[in-house]
Each structure stands twice: as C-alpha cells, then as structure tokens.
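Colleague: Have a look at this one.
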Amino acid sequence: MFGELAKGMATTFKHMFRKPVTVSYPEQRLPLSPRYRGRHFLVKDEDGLERCVGCELCAVACPADAIYIEAAENTGEQRVSHGERYAKVYKIHMLRCIFCGFCEEACPEDAIFMGKEFELASYHRDDFVYSKDRLLLPLREAAKQRPELLQPGTGLGMGQHYETATPGAGSRV
C-alpha cells in the first residue's frame, strides 16, 4: 500500500515543478497543422462568376449526407457560373459534417475548399446550416486561408489537376 502511495506522490512531485502547457486561448493561439480542415467555403472567381456548376458530386461523396444542392440552368440573361448549370441552392449542415474533406476531393471545378477557420460556435441550431450566401468567398479572400489557390502550376481554377513540382532544365538534383 505504501509503495503505490509513494509512486503516486513521486509522479505528483515530478510534474509539480514543470512549466504548464496551458494556453490563454483568445489572446494566444497555437499554430494549426498545414493539413487542418476547417469551415467550408465556395470560391467565386474574380470575374464574379461562381466555380460551382451544380454537378452534385460533393453531395454524393459526402459520407454524412451533410450537403444539399439544387441545380438550375444558366441563361443568357442570368449567368451565375462558367458552366451550363449552377447551384441555385447550396447548403451544408455543419452539425452533420465530419470534416473528412471528400467534398473537396470530389469537386472537378475546384469550387469547394475547407479553410482554416475553426470557431464555429452558435447558440441556435439553425445557424449551423450554412447556405450559399454564407459559403461564397471571392478568390482573394479565399486565398488568405488557402494560399495555394493563387500559385501558378497547381491547376486550381484552370481546369487542370494537381501537378508535382519538377526541377527546371539544367538544374541538378
């Protein structure tokens, strides 16, 4: 009995004089991992047109069934996206979302991304259903969270796929 008590007291004394690891959250923030997936956003190009073409692949890929999309046709008078269709209704139920990133991977138009925002608290359940007006971000604002959106050669927004970096001609590896 005294052996266990002595062992417990030794553990207590060992940790008593260490520097605490507590962080004062609002004033001091820990850095996020580069792979962190936070709040979703839809990208709107600099010409004012949305990238989302309403293909619903993100909704199909979502394992939690958190994304709801209603597509509509673009007309000559009302042009919303670059494609033939656009997402008339786009909603993400954030209480259902498991932040897996499948929606981001499934999107062929690079329209939906998961940003770095993590403060998603609210007092009402209805505030957790993010509609299209809450999700849309201009390209420059989106690039503040995901800088790779503006880097040439990534293929984002140009209809290309991600490419690996290759050394230039004449350089030695």
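Colleague: Considering 36, 86, which residue is farther than 21 Å from residue 128 by Cα and within 22 Å of the chain's Cα centre (by Cα)?
Modeller: Every option except 86 fails the conditions.
Colleague: Going by the conditions given, is residue 106 modelled with pLDDT of 85 or more and over 30 Å from residue 30 (Cβ atoms)?
Modeller: Yes, satisfied.
Colleague: What are the residues in the range 14-33 that are more than 15 Å from the chain's Cα centre (by Cα), of a type outside the set (D, E, K, R) and not in a helix (DSSP H, G or I), if any?
Modeller: Initially, the range 14-33 is screened for residues more than 15 Å from the chain's Cα centre (by Cα), giving 14-31.
Keeping just the survivors that are of a type outside the set (D, E, K, R) gives 15-17, 20-26, 28, 30-31.
Scanning the range 14-33 gives 17, 20, 21, 22, 23, 24, 25, 26, 28, 30, 31.
Colleague: Could you go through the range 34-52 and let me know if any residue there is open to solvent by less than 70 Å² (accessible area, probe 1.4 Å), within 21 Å of residue 142 (Cα to Cα), assigned to a loop (DSSP other than H, G, I, E, B) and free of Cβ contacts under 8 Å to residues at least 12 places away in the same chain.
Modeller: Within the range 34-52 (the criterion being open to solvent by less than 70 Å² (accessible area, probe 1.4 Å), within 21 Å of residue 142 (Cα to Cα), assigned to a loop (DSSP other than H, G, I, E, B) and free of Cβ contacts under 8 Å to residues at least 12 places away in the same chain), the answer is yes, since at least one residue qualifies.
Colleague: Looking at 26, 31, 20, which one is exposed (fewer than 13 other Cβ atoms within 10 Å of the Cβ) and closer than 25 Å to residue 143 by Cβ?
Modeller: Result: 31 is the single residue among 26, 31, 20 that is exposed (fewer than 13 other Cβ atoms within 10 Å of the Cβ) and closer than 25 Å to residue 143 by Cβ.
Colleague: Can you report the number of residues in the range 60-100 which are over 22 Å from residue 138 (Cα atoms), open to solvent by less than 70 Å² (accessible area, probe 1.4 Å) and either touching a helix residue (DSSP H, G or I) at 6+ places or on another chain (Cβ under 6 Å) or not in a loop (DSSP other than H, G, I, E, B) (or both)?
Modeller: Summing the residues that are over 22 Å from residue 138 (Cα atoms), open to solvent by less than 70 Å² (accessible area, probe 1.4 Å) and either touching a helix residue (DSSP H, G or I) at 6+ places or on another chain (Cβ under 6 Å) or not in a loop (DSSP other than H, G, I, E, B) (or both) in the range 60-100 gives 2.
Colleague: Ok, one more. Looking only at the range 118-137, count how many residues are surrounded by 13 or more Cβ atoms within 10 Å (Cβ to Cβ) and in contact (Cβ under 8 Å) with a residue 12 or more places away in the chain.
Modeller: Count: 9.
The values are calculated or read from the model by the stated rules, or taken from the named source; none is laboratory data. Everything quoted here is computed from the prediction, not taken from an experiment. Reconstructed Cβ throughout: ideal geometry from the backbone, glycine too, with neighbour counts over all protein chains shown. For the accessible areas, the whole protein counts, side chains as well, though only heavy atoms, and no ligand, DNA or RNA atoms are used. Shrake-Rupley method; radii C 1.70, N 1.55, O 1.52, S 1.80 Å.
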